[in-house]
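Step one of this worksheet: look at the structure below.
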Amino acid sequence: MKAKLRSALASLTLIAGLGIAPALMPAPAFAVDNMSATDAPDLTSVRAKLKARDYASALAELRDLAEDVQQADVYNLLGFALRKTGDFKTSLTYYTKALELQPDHKAAREYLGELYVETGNIEKAREQLAALARLCPGGCEEREDLQKAISAKSASK
C-alpha cells in the first residue's frame, strides 16, 4: 500500500515538474463509448410505435439501431418491446445490457422491476425498487410506477 502511494506521489511530482495540471491530462479510454446527447439516436418514431403498441415495427427499428450503436436507451426499449410481446428471457438480456452501460438508468430499473413482477419474482422487483429509491430519493415517476406494479401484484394474491 505504501509503495503504491509513493508511486502515485512520484507521478504527481513528475507531472507537476513538467508543468502539466492533472485536470488537463487526457482522460483514460474506456471500453464503452459514451455517446454525447447529439450522438444519441432519435427514438421518436420508436416511442410512437411503442405507444401505439406496434411492437413488431418498434422491434425492427430498434434492432437496426442496436447494430449501429451501443446505447442504454436503445437496449432498454428493446427490453420493453420484447417484454410486451412475452419474450421475457430476451427482454431480461436487453435490460441487463442497458444497465451495464448505464447503471443509473431509471427507466431500465423500472422496466426490469416490472418484468420481475410479471414473472412472479417480487423479491427481485423490490431490489429494483430499492435501486430507484437510491437514484431518486425524493421520488420519481419510475419509482412510483414500479411501486404501483408491486403493490397491485401483492394485492392480487
Item to check | Of all residues making up the stretch 92-114, the number that are crowded, with 23+ Cβ neighbours inside 10 Å and of a type outside the set (Asp, Glu) | outcome: 8
Checklist entry - Restricting attention to the stretch 69-85, and to residues there that are surrounded by fewer than 19 Cβ atoms within 10 Å (Cβ to Cβ) and in contact with a helix residue (DSSP H, G or I) (Cβ under 9 Å, 6 or more places away or on another chain), which single residue is modelled with the lowest pLDDT? => result Gln70
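Listed here are the residues, each with its yes/no results for (1) of a type outside the set (Ser, Thr, Tyr); (2) in contact with a strand residue (DSSP E or B) (Cβ under 9 Å, 6 or more places away or on another chain); (3) closer than 18 Å to Leu146 by Cβ; (4) not in a helix (DSSP H, G or I).
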| site | (1), (2), (3), (4) |
| --- | --- |
| Leu65 | yes, no, no, no |
| Val74 | yes, no, no, no |
| Ser91 | no, no, yes, no |
| Glu100 | yes, no, no, no |
| Pro103 | yes, no, yes, yes |
| Arg109 | yes, no, yes, no |
| Leu112 | yes, no, yes, no |
| Leu115 | yes, no, yes, no |
Item to check | Test: residue in the stretch 127-140 that is of a type outside the set (A, V, I, L, M), in a helix (DSSP H, G or I) and surrounded by fewer than 16 Cβ atoms within 10 Å (Cβ to Cβ) | outcome: yes
Checklist entry - Within the bounds of the stretch 42-64, is there any residue that is of a type in the set (A, V, I, L, M), modelled with pLDDT under 95, under 16 Å from the mean Cα position of the chain (by Cα) and under 30 Å from Arg109 (Cβ atoms)? => result no
Checklist entry - Only one residue in Ala81, Ala133, Ala60 is among the aliphatic types (A, V, I, L, M) and in contact (Cβ under 8 Å) with a residue 12 or more places away in the chain. Which one? => result Ala81
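The values are calculated or read from the model by the stated rules, or taken from the named source; none is laboratory data. This is a predicted model, so every value here is computed, not measured. Positions of Cβ are generated from backbone atoms using ideal geometry, with glycine treated the same way; all protein chains shown enter the neighbour counts.
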